[in-house]
Amino acid sequence: MRNSRKLQKIKEIVNSVRWHEVKEEAIELLRKLIRIDTTNPPGNEREAAELLSKYFSEYGVESQIVESEPQRSSVIANLKGKKDLKPLILLSHLDVVPANPSEWRFPPFSGEIKDGYIWGRGAIDCKGLAVVEAVAMNLIKRAGIKPDRGIKFISVADEEMGGEKGAKYVVENLDIDGFGVLNEGGTGVVLGNRKIYMPCFGEKGPLWLRIKAKGKPGHASMPHKDNPNLILIQALYKILKSDLGRKLSDGFIRSAKFYLIDNKKSLSGLKIFFSLVEKSDFAKEILGKALSSLFYMLNKNKLSAMFSNTLSVTIMKSGYKENVIPEEADAVLDIRILPGYDHDELIEKMRKIVDDPRVSFEIISVYEPSQSDPVSDFMMMLKEATSAVFPSTFFPILATGFTDSRFFRKKGIPAYGFLPFFLTDEDLSTMHGIDERISIENIELGLKLMLAIILHICTEENSLPGL
Ligand SMILES: [Zn+2]
């Protein structure tokens with residue numbers, strides 16, 4: 001393995017940290033952060049940004065708070081590198097989605113510790129990540145390690161509402177450049193009794209679309225064919241029945257070939273197979289269809305969505321009186337588009353499928369799918385650093401949700417999603433759900449992984465202290 005001496009050194013440094021104390025420090029910081037209610041809307045991230053800024057300043061790490069508007073604050077901290085290299089960017093967000101206290105076991109902004117977990121909205125998404133990144137970065141400073149490459153911590157406002165007042169503002173208004181971004185998105189997962197690192201190299205693009213049916217109003221006692229509710233139902237039925245595009249993306253093939261198949265003699269046949277598939281759009285579509293249908297049948301919706309353009313009807317509005325046929329009806333669709341598809345072409349396709357002049361399509365918002373190279377130096381270092389702490393299968397995937405990473409990719413900075421935890425299905429369901437929590441075990445693992453990742457990406461072997 002390349003870098004084996006360096007990785008051995010990193011392992012020794014990670015093992016030499018007094019984790020019991022550092023873990024307590026991280027837990028306290030996370031509890032404080034959870035107790036600051038940054039539900040978005042409205043966000044009000046200022047107090048949270050100040051808490052992190054103060055934490056950095058206690059250890060002599062310089063930081064600044066930037067505001068896109070009053071109270072919409074993001075915090076940026078810098079640890080300079082010895083060399084003129086682009087920094088590693090550690091990204092996270094300060095805002096959280098709403099939580100209904102009556103459904104929770106503990107109040108969502110309490111930061112309660114119980115059963116080995118820290119409970120609260122944001123414990124995983126994304127205050128847990130912010131804390132692990134901040135504490136690991138501070139550890140570098142405290143250990144007196146002078147990294148060759150700088151480290152830039154950015155925790156932003158407004159991610160949960162699209163990022164206009166957070167990441168987008170920061171990327172567009174500050175002179176941000178980087179070697180690569182480490183953000184939320186992928187994670188380590190627990191599947192049965194196996195643990196697998198599944199960072200993400202890209203994400204689908206969301207298209208929020210309003211479909212409006214115009215008809216004729218009238219008395220409900222005299223049904224007619226121009227009832228907008230019927231027009232809308234028929235249009236939606238046709239769209240839902242159709243195939244909006246399914247395929248194996250090039251990123252998936254590249255990732256599978258490199259991380260799962262390469263160097264495994266027993267799988268050499270599979271490698272040849274993927275090399276053939278890579279050259280044929282037809283084969284990619286056939287396989288995409290097969291896999292998305294198979295996973296859908298098995299109720300593995302997330303896996304199915306990795307190979308298909310998906311559609312969910314999220315809002316329907318129509319009517320105002322029991323006995324009146326209204327004049328219009330509309331529905332909102334949340335469509336998630338794979339890399340390699342174009343949203344205009346997709347809308348055109350739907351228009352043709354519906355084939356009804358009484359139905360119109362209006363874009364509410366759209367973001368293109370975005371991805372970085374799954375087999376980059378950055379990703380290789382992520383793989384090596386994680387395996388130095390806890391060796392396990394490493395398989396980068398395409399995320400079905402979207403994150404702030406897209407703003408950085410648009411600027412040409414590679415961005416990868418990786419929560420340095422091993423999360424079960426149940427853990428994952430609490431993000432944006434009820435009883436969000438993170439285990440203390442995961443906090444410790446996250447700190448170790450993050451420290452190893454920073455050391456591997458930002459220091460050369462001879463800059464690492466001997467023990
Ligand atoms: Zn998040």
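The table that follows gives values for the structure above.
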| quantity | calculated |
| --- | --- |
| Order of exposure, largest accessible area first, which applies to 47, 444 with probe 1.4 Å | 47, 444 |
| Accessible-area value, residue 105, 1.4 Å probe, nucleic acids and ligands omitted, Å² | 120 Å² |
| Spatially proximal lysines relative to residue 214 (Cα-Cα < 27 Å; intrachain offsets below 8 disregarded) | 225, 238, 241, 317, 321, 349, 352 |
| Solvent exposure, largest accessible area first (probe 1.4 Å, DNA, RNA and ligands not counted), of 297, 381, 450 | 297, 381, 450 |
| Among 251, 217, 275 the positive-end extreme of the charge dipole of the stretch 177-277 (Cβ point charges) | 217 |
| Estimated [θ] at 222 nm from DSSP helical runs (n ≥ 4, -39500 (n - 2.57)) normalised by residues in the chain, nearest 500 | -11500 deg cm²/dmol |
| Accessible surface, 1.4 Å probe, highest first, among residues 348, 45 | 348, 45 |
| Carbon plus sulfur fraction of accessible area for the chain, probe 1.4 Å, in percent | 53 percent |
| Options 232, 447, 374, ranked by Cα towards positive dipole end of the chain, top entry (Cβ charges) | 374 |
| Solvent-accessible surface (1.4 angstrom probe) belonging to residue 272, in square angstrom, nearest 10 | 110 Å² |
| In Å², nearest 10: area of residue 289 left accessible to a 1.4 Å probe | 80 Å² |
| Nonlocal amide H pairs with residue 227, under 5 Å, H built at 1.01 Å | 216 |
| Accessible surface, the stretch 250-305, averaged per residue in Å² (probe 1.4 Å) | 68 Å² |
| In Hz, Karplus ³J(HN,Hα) per residue of the stretch 270-285 (6.51, -1.76, 1.60; θ = phi - 60°; x = Gly, Pro) | 5, 5, 5, 4, 5, 5, 6, 4, 3, 8, 10, 4, 4, 5, 4, 5 |
| Low-density loop positions, chymotrypsin sites (Phe, Trp or Tyr not before Pro), the stretch 21-78 - DSSP coil, at most 16 other Cβ in 10 Å | 59 |
| Angle between the chain longest axis and helix 440-458 axis [Cα atoms, degrees, rounded to 10] | 70 degrees |
| The chain - percent relative contact order, Cα under 8 Å, separation 6 or more | 26 percent |
| 0 to 90° range, to nearest 10: angle between helix 377-389 axis and the chain longest Cα axis | 60 degrees |
| Gap separating the Cα centres of the stretch 370-391 and the stretch 405-461, nearest whole Å | 12 Å |
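The values are calculated or read from the model by the stated rules, or taken from the named source; none is laboratory data. In this text, all values refer to a predicted model and were calculated from it rather than measured experimentally. Positions of Cβ are backbone-derived with ideal geometry, glycine not excepted, and every protein chain shown enters the neighbour counts. Heavy atoms of the whole protein, side chains included, go into the accessibility calculation; ligands, DNA and RNA do not. Shrake-Rupley method; radii C 1.70, N 1.55, O 1.52, S 1.80 Å.
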